[in-house]
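Structure first, then comments.
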Amino acid sequence: MAAATSGPKIDPALHVEHKPAWIKVRLPNNPVFFSTKALISDLRLHTVCESAQCPNRWECWSQGTATFMLAGDRCTRACGFCAVSTAKPFALEEDEPGRVAEAVRRMKLRHVVLTAVARDDLPDGGAEHFARTIRAIRAADPGIIIEVLTPDFHARERDLRAVLAAEPEIFNHNLETVERLTPQVRSRAKYRTSLEVLRLAKTIRPESVTKSGLMLGLGETEPELFQAMDDLREAGVQVLTLGQYLRPTPAHLPVVAYIAPETFALYGDIARQKGFEYVASGPLVRSSYHAADFHPVQPR
């Protein structure tokens, strides 16, 4: 089994210039895509689909689904992989939870994903804003499945409790990469902190499914990847996503390797053997891609 390219650090000289044939993005040709875009604009909402330049936004929006990004589009961190702008954030918009709930109602969603920029400028990191949005959506549609993809809140238990008290069905926090590469890939984030966030989430609310994701192609080795899987399982994580890192701009970290689809399939099988209940593994897989394909079995 061939290992991904490895090294003591992410060396720009190792980056791959050309995308392989399997990295393809279908351009929008569905009117639902444009109506979804218009709705999001009308309600003055942010989506990770646009802010993070997700390669699947054409497909997801054409299906009438979106991942809402709370607390603005300015992040207090500057991760080497992320296309979201790093800048001093604006104040929270008090009516944003209601606007998100209205979008969910209009789009007739059955599964909604809520994420947010890191808000280290706020005492609670935006935790209560997450909770208010969950409650607003639940008031509009008591039967909807709500998934949150949160920042790490520096693993503060009180903030995690605030989010989980609103009873999301799925709690997602991405590990993003292997331990060795974390300092270069995730500014101000720590590998062990993220594992603690996931462990605490499962301890605080066992009913919530826990989920995490990893990007491949940054220079990780297979033993490091498999160790990260083991670490996630030890933290109680049930759902795993594996996707190809794609460089958003020349200012971001380079792609060290493009992982072939058959290798992603193999890694998915290995993850299932390690005990993950559901695994999505492929070049264009992202945390919220086809999120509704996994159905939590636990009652709320």
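FYI, it's all coordinate maths here, none of it is from the lab. Since the structure is predicted, the reported quantities are computational estimates derived from the model, not experimental observations.
Here the 3J(HN,Hα) profile of the range 260-274, calculated from phi with Karplus coefficients 6.51, -1.76 and 1.60 at θ = phi - 60°, is 5, x, 5, 6, 4, 4, 4, 4, x, 4, 5, 4, 5, 5, 7 Hz, Gly and Pro shown as x. Step through the table entries Lys88/Lys190; Lys88/Lys108; Lys19/Lys108, compare each Cα-Cα distance with 25 Å, and write down the pairs that go over it. Pairs exceeding the cut-off: Lys88/Lys108; Lys19/Lys108.
For the range 150-212, compute Rh as the Kirkwood radius over C-alpha pairs and then the Stokes-Einstein diffusion coefficient at 37 °C and 0.692 mPa s; write the answer in µm²/s, rounded to an integer.
Details: Rh = 11.9 Å.
Using the Kirkwood radius from Cα pairs, D works out to 277 µm²/s.
Semi-axes of the equivalent ellipsoid of the range 233-290: what are they in whole Å, largest first, if each equals the square root of 5 times a C-alpha gyration tensor eigenvalue? Working shown, then result.
Details: eigenvalues 109, 34, 21 Å².
Square roots of five times the eigenvalues give 23, 13, 10 Å.
Taking amide H positions as modeled 1.01 Å from N, with prolines and chain starts lacking one, the residues under 5 Å from Ser281 and 5 or more places away or on another chain are Leu242.
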